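All remarks here apply to the structure that follows.
Readers should treat all values here as calculations from the given coordinates under stated rules, not as data from a laboratory. Keep in mind it's a predicted model, so treat the numbers as computed, not measured. Cβ sites come from the backbone with ideal geometry, for glycine too, and all protein chains shown count toward neighbours.
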Amino acid sequence: MNKFYRNATETRKTTKLELLFCASVAVTLFLLIQSCSAPNVELPEEIASLENLAVFPADTEPVREIELIPETVYGDTENVLLSDWLMVHVDPRGRVFIGDSRQTAIHLFNPDGSYNRQIGREGDGPGEYRAVGVMQSDENYFYHYDRRNRRITRYDPDTFEVVGDFSVSVPSDEEAAFPQSFSSFSLVPDNNLILAHLSMGFRAGRPNADPSERRIRGRMMNAVTGEFAGDEVYNFPASEALVHHGDGSMSVMSVPYKRSSVVQVHEDGIIHGWNEHFLFKYYDLNGEYRRAVYYDYENPPLNRNEILEDYRDRTEPWKSMVENDDMPETWPSWTTFMPDDEGRLWVQRRTDDPDATQYHVLSNTGELLAVFPWNPDHRIQEIRDGTLWVLEVNEDGLREVVRYGFDLSRES
């Protein structure tokens, strides 16, 4: 058995990451000390100018080990067969919501893996939806965004009766090169507000538009009425994509070697990463920059011929879009990241093997706690209370959610 995994029947006394046993030191003091403790790291200019920057060399070793203990599986039941296009949310009670986009259904599972019920149904009435979108919840409500009807509905978390809903309306500029739209939302400590995440698409009639003007933005929104409240909270570069214009039409494709933005929201603020570098910037919920963490890792080299081979059987124009692209020389540094409830940051980092990744777990101040291998086809959905919820594909090719326990006590 892989040493990073244990049988669910074994106790959870083993397994944990790495935690530096420092004295109780303020984060700002640590950052000052750490940024001065890596004199051999040559920083890119745009990174060197950051304040409150914690810098770590590429040869930093983790201080602890982690093993994952599978505990519960959430998936197909006698009456529910899940498709291959799923969205997952875990509420504060540990219940698992699985949104099936192909079947337009939201299924609720109890913490022990047993099936509870379906939430709402396909339709246009109260509590119904035409497309499964982002799901969020707190102690008071379960929220769901219907992507087709552009509507956020609040449900009672016990009865799942509809408490209220509102349509999402985003101001648009018909002359803008990159039209703005609502993409998702996050809950924040103020129960009267949610943080709306706005993205920018492409316009067929603007082939020469400057891609640097394409941004992602965050704005606070009234959780009851849907009205925007205040100014922008954040404004970051949008993820790159391949775009083909021709005869008044347009084709857009995301490819894994392009650079991308990821924004994560937690109770203390906002974390942003642009995956050109292993760099993560921390902001408060007002959008004020606070600090950053940087590791001097080299990005894995990109083999253009291997990329072309991967897309060889694609139809046009997709195949030509890749063939004509000016590809970078390296892969991005990482693919995604997620904070947990104790301030740690879990970062899925690329390796020299394009079919393998690693998770790097950082403390709140940036220390490397643990590194462990990860199947790139598995996606972590939630991390809290010493638990991971992961969307996986099982041996039969079926998708399911697996809950793992983890422990962070064993030194490496």
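Brief remarks follow.
- At an R0 of 56 angstrom, the distance between the Cβ atoms of ARG148 and ASP59 translates into a FRET efficiency of 0.65.
- Structure-based [θ]222 nm, the chain - -39500 (n - 2.57) summed over DSSP H runs of at least 4, per residue, nearest 500: -1500 deg cm²/dmol
- Dipole of the chain, positive direction: furthest Cα of PHE160, VAL401, HIS266, with charges on the beta-carbon: PHE160
- 3J(HN,Hα) along region 337-352, derived from phi through the Karplus expression 6.51 cos²θ - 1.76 cosθ + 1.60 where θ = phi - 60°, amounts to 8, 8, x, 10, 7, 10, x, 6, 10, 9, 10, 8, 9, 6, 10, 5 Hz, with x in place of Gly and Pro.
- Inter-site label distance for ASN79 and TYR115 at 7 Å from Cα along Cβ, in nm: 0.6 nm
- Under a 5 Å amide H cut-off, with hydrogens placed 1.01 Å from N, ALA105 pairs with ASP100 among residues at least 5 apart or on other chains.
- Inter-label distance for ASN235 and THR159, nm, one decimal - labels placed 7 Å from Cα along Cα-to-Cβ: 4.5 nm
- The H on the amide N of SER184, modeled in the peptide plane, is under 5 Å from the matching H of HIS197, each at least 5 residues off or on a different chain.
- Using the Cβ-Cβ distance between ASP326 and GLU411 with R0 set to 35 Å, the FRET efficiency works out to roughly 0.15.
- The Cα-based radius of gyration of region 335-412, divided by its Kirkwood radius, gives an Rg/Rh of 0.97.
- Simple label model, 7 Å out from Cα along Cβ direction - VAL224 to LEU302, nm: 4.9 nm
- Cut-off under 5 Å, modelled amide H: who pairs with MET250 long-range: none
- Among (1) 55, 48, 41; (2) 59, 56, 48; (3) 86, 60, 46, the entry that matches Cα extents along the principal axes in Å as calculated here: (2)
- Of TRP374, TRP334, TRP318, the residue with the greatest mean-square motion in the GNM of the chain, using alpha carbon springs below 10 Å, is TRP318.
- Using θ = phi - 60° and Karplus 6.51 cos²θ - 1.76 cosθ + 1.60, couplings along region 256-270 (whole Hz; Gly, Pro as x): x, 8, 6, 7, 9, 9, 10, 10, 10, 10, 9, 5, 9, x, 10
- Based on Cα contacts under 8 Å between residues 6+ apart, the chain shows a relative contact order of 18 percent.
- Chain lengthening between ASN208 and ASP284 when straightened (0.36 nm per residue, less Cα-Cα): 23.8 nm
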